[in-house]
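Working notes, structure below.
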Amino acid sequence: MNRRIRRLGIGLVALFGLLFAQVSYIQVFAAGKIADNPANARRQIIAEYKVERGQIITADGTVIALSEPTTGNATLRYARHYTDGPLFAGITGYYSQVYGRTELEQAMNSYLSGDAPELAVSTFADLVLGRPKKGGHVITTVDARLQRVASDALGSSPGAVVAIDPRNGDILAMVSNPTFDPNELSSQDPDAIRAAWERLNADPRTPLLSRANDELFPPGSTFKMITASAALESGFGLNSVWPNPHELDLPLTTGTIQNFGGETCPGGATTTLLTAFTDSCNVIFGEVGLKLGAQKLADQAHAFGFCPTDPPGETGCLAPTIPFAIPFATGRFPVASYFEDNEPLVAISAIGQDNDLANPLQMALVASAIANDGTMMEPRLVTQIRDPQGRVIRDFPAEPYGQPISKPTADAMRTMMVSVVTSGTGTAAQIPGVVVAGKTGTAQHGGPDAAPHAWFVCFAPAGPADIPTIAVAVIVLDGGSLGSEATGGQVAAPIAQQVIEAYLAS
């Protein structure tokens, strides 16, 4: 009898062991594979609606996404709600029973849904005590007040604004216009969700794409920050002397490069690199590009995080891109071999045209590296995850991306960018009592008669003894004027100026 009982006991233990192993495999080891199966996507979303999803919170404590209990719906027990939805849409993304998740809702889903290993204790306690499952809270770097300032400054103009703390890469504000309301895609009415989706996707302005980090545009003269950095790294100083013709005859072709408006830059027959940068002289920077050559120009762009491409056949990145919590289309600059037997394109690329592409997040990172003594930090959007009781369960530390330029080069670049704001094309960014460093840009696109994009990239405070705490990049689509390099300063610089002034006053 004892032997039979012992055998039965061993058999039951073995069965329980197999059951535990199977459950562990499904819930732990195979969970990701099962969840990623497209056939289970909607089923998983519906299951998640039984969870009180965690909040997304700004650095200053504003809740910008939360789940609220519903009534009369046994399947979808919670509804996702976005306070100031359009203002933060490019950051939160949406959480939709029909179309899934985007941006932080997707990137931080395991925490928000309570499935991350760090939340296992909290989830187990909910299960034992019979409480509804709750997700963790995502703490972002965004300053809600500054986000509003940036949005108001951009107004109805199509474009984007990005503000970063150069010291740690924190995203302080990231605004895109046009935007959308994620509440429309996160309702409990599938028909209304589909109608909103069709309307948004039919809009030629593509409001579901962020101009701040999803799309790419020619950077125009803001790219001269990269070209000037390459020149300084190659031994050319602020006072290096360059020929100053009315126009630059490009080699191997009858084509030329002219300054905006056909003007000749100040200085007479020759001028300095500092003067050429201050007045954004295309002719001089075309010369600089030709003198440096394709390899040095490409190396410098790639060091700043522009991903190498090989157009026209290959427009995707040929190397790893800058890490970021949500999707980020990093800038593009061709590999040096693209320019073989085509020197004119080196000159054109040196002034931010041809196959040069960027967005405000990319250019804000360039300015941040210059502001931070040459060290570029990875852009950071999330600092912490907290459990439902508010305890920190994970930190996301600031991480350096690289050192694209030396400190002496960064110091020289700061001098040139301050000159742009004090006496060059960016005087509209001046703030009483604050030294601002900046670079204007007017980027041609879409044919000779199309209005160019207006750019401004800057950081502050930028005095010799200052430690800069904010870098800003602004683009206003089609906001420039034909024939005027100053339009980047006239249109985009005042927007950046408002953002910097508000931040430094807080």
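Computed values, structure above
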| read-out | value |
| --- | --- |
| Order by protection proxy (mean Cβ within 10 Å, highest first), peptides 239-246, 114-121 | 114-121, 239-246 |
| Charge tally in the Cβ shell below 12 Å around A59, where Lys, Arg are +1 and Asp, Glu are -1, A59 excluded | -2 |
| Relative contact order %, the chain, counting alpha carbon pairs below 8 Å whose residues are six or more apart | 15 |
| Of the chymotrypsin sites (Phe, Trp or Tyr not before Pro) in the stretch 255-298, those whose Cβ has at most 11 other Cβ within 10 Å and which sit in DSSP loop | none |
| Antiparallel bridges, percent of DSSP beta bridges restricted to the chain (to nearest 5) | 90 |
| Relative packing of peptides 415-424, 75-84, 291-300 - highest average C-beta neighbours within 10 Å first | 415-424, 291-300, 75-84 |
| Convex hull of Cα atoms in the chain, direction-averaged projection (nm²) | 29.5 |
| Listed residues A294, S349, M174: farthest to the positive end of the dipole of the chain (Cβ charges) | M174 |
| Fraction in percent of alpha-carbon pairs per bin - 5 Å, the stretch 45-170 | 2, 10, 18, 21, 18, 13, 8, 6, 3, 1, 0 |
| Among 265-275, 163-173, the order from most to least packed when residues are scored by Cβ within 10 Å on average | 163-173, 265-275 |
| Descending semi-axes in Å of the stretch 350-456, equivalent ellipsoid built from Cα gyration tensor | 32, 20, 15 |
| Lysine pairs meeting the criterion (Cα under 16 Å, 8 or more apart or interchain), as found in the chain | 5 |
| Two-decimal log10 I(q)/I(0) for the stretch 405-448, as the Debye equation yields it once each C-alpha is a single scatterer, q = 0.20, 0.24, 0.28, 0.30 Å⁻¹ | -0.67, -0.80, -0.92, -0.98 |
| Share of carbon and sulfur in the accessible heavy-atom surface of the stretch 281-396 [1.4 Å probe, %] | 45 |
| Radius ratio Rg over Rh of the stretch 381-435, counting only Cα atoms, Kirkwood formula for Rh | 1.28 |
| Cys residues of the chain counted as unpaired, since no other Cys beta-carbon is under 4.7 Å | C458 |
| Rounded, prolate or oblate (a/c below 1.5 giving rounded, otherwise prolate when a/b exceeds b/c) for the stretch 307-401 by Cα gyration tensor | prolate |
| For the stretch 265-416, share of DSSP beta bridges that run antiparallel, in % to the nearest 5 | 70 |
| Accessible area of the chain divided out per residue, in Å², using a probe of 1.4 angstrom | 42 |
| Farthest toward positive dipole pole in the stretch 355-447 [+1 Lys/Arg, -1 Asp/Glu at C-beta], among M363, I393, M413 | I393 |
| For the stretch 226-268, alpha-carbon Rg relative to the globular expectation (2.2 N^0.38 Å, N residues) | 1.37 |
| Shape category assigned to the stretch 250-382 from the gyration tensor of Cα positions, a/c cut at 1.5 | oblate |
| Sites D84 and V128, calculated FRET efficiency, Cβ-Cβ separation with R0 41 Å, nearest 0.05 | 0.65 |
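The values are calculated or read from the model by the stated rules, or taken from the named source; none is laboratory data. On a predicted model such as this, the values are computed, not experimentally measured, just so you know. For neighbour counting, all protein chains shown are included, and Cβ atoms are generated from backbone atoms with ideal geometry for every residue, glycine included. Note: accessible area is taken over every heavy atom of the protein model, side chains too, but ligands, DNA and RNA are not part of it. Shrake-Rupley method; radii C 1.70, N 1.55, O 1.52, S 1.80 Å.
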